[in-house]
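K.L.:
For reference, the structure I am asking about is given below.
The values are calculated or read from the model by the stated rules, or taken from the named source; none is laboratory data. All figures in this text were calculated on a predicted structure; none of them were measured in a lab. Every residue, glycine among them, receives a Cβ derived from its backbone with ideal geometry; neighbour counts consider all protein chains shown. These area figures cover heavy atoms from the full protein model, side chains too; ligands, DNA and RNA do not enter into them. Shrake-Rupley method; radii C 1.70, N 1.55, O 1.52, S 1.80 Å.
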Amino acid sequence: MTDTPFDTLSDVTEVSFTQMVSASGLTATEITELVRYGVLVPRDPTSAPLTFEARWVFAARTASRLRRELDLDTYGVSVAMGFLERIEALEAELRTLRARLG
């Protein structure tokens, strides 16, 4: 990905829809569909234009990479993202259980 103002998000708290398109590598249509599937969550889904917390740029970039590398449509990306989220949750649970066992 080319350098964008969002390569470091430490000073950014809110990202506009247009900025999300620019930073993610996704099209406006793909972002809209990923919002509809619940993969990306805008601050207020009923307002226009949509804005996002900066942390969603990372999810959008992951979605873009999955779409590109696995040649998935947006529904396939949403399923894959759901699996990744579940894997992360299970890994966190496993770390907690291992820490308890000492």
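K.L.:
DSSP loop (so not H, G, I, E, B), at most 13 other Cβ within 10 Å: list which trypsin sites (Lys or Arg not before Pro) in region 53-102 pass both filters.
P.N.:
Passing both the DSSP loop test and the Cβ count: 55.
K.L.:
Sticking with this structure for a sec: In nm, give the distance between the simple-model label positions of residue 96 and residue 58, each being 7 Å from the Cα along the Cα-to-Cβ direction.
P.N.:
1.9 nm
K.L.:
To continue, here is another question. May I ask you to compute the full-extension gain from residue 86 to residue 36, defined as 0.36 nm times their residue separation minus their alpha-carbon distance, rounded to one decimal in nm?
P.N.:
Contour length minus Cα-Cα distance gives 16.1 nm.
K.L.:
What percentage of the solvent-accessible surface of the chain, computed with a 1.4 Å probe over protein heavy atoms, is contributed by carbon and sulfur atoms?
P.N.:
55 percent
K.L.:
Starting from the Cα-Cα distance between residue 69 and residue 46, subtract it from 0.36 nm times their residue separation and give me the gain in nm to one decimal.
P.N.:
Result: 5.1 nm gained on full extension.
K.L.:
Could you quote the convex hull projected area for the chain, Cα atoms only and averaged over all directions, in nm²?
P.N.:
Quarter of the Cα hull surface area: 7.9 nm².
K.L.:
While we're here: Counting only residues 5 or more places away or on other chains, whose amide H sits under 5 Å from the amide H of residue 54 once H atoms are built in the peptide plane?
P.N.:
Residues meeting the amide H criterion: 14, 15.
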